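Peer 1: Encoded as structure tokens, here's the structure I'll be asking about.
The values are calculated or read from the model by the stated rules, or taken from the named source; none is laboratory data. None of the values given here were measured: they were computed from a predicted structure. No Cβ is skipped: glycine too gets one built from the backbone with ideal geometry, and neighbour counts run over all protein chains shown.
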Amino acid sequence: MEFLSTLLIIVFILYVVRVIFRIITPMIFQKVVNNAQQQQRNYQQNYNSTSQPGKIKVDYIPEAKKGSIPDSEGDFVDYEEIK
């Protein structure tokens, strides 16, 4: 008889845990989704407030020193015509 009562208590506890889990899981999932949406909204608001459309900022880049050979010449290799 004691085995049967222990088995019934275990089944009842598992059933209660299952019901509670089904109730709590959607709430936790909804909270996680809401937090992700809020972070995305904050990111978009910060991005939109920091960007200034129509303005371009160009940093000064000094000209590099050029070599003694102009770029238009390139590398040439001497060759002899074979007849």
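Peer 1: Of (1) among the hydrophobic types (A, V, I, L, M, F, W, C); (2) in a loop (DSSP other than H, G, I, E, B); (3) modelled with pLDDT of 95 or more, Phe12 satisfies all except one. Which?
Peer 2: Condition not satisfied by Phe12: (2).
Peer 1: To continue, here is another question. Is there any pair with a first residue in segment 57-83 that is at positive phi and a second that is at pLDDT 65 or above and exposed (fewer than 10 other Cβ atoms within 10 Å of the Cβ) whose Cβ atoms are under 6 Å apart and which are 6 or more apart or on different chains, and what are they?
Peer 2: Sorted first by the residue in segment 57-83, then by its partner, the list stays empty.
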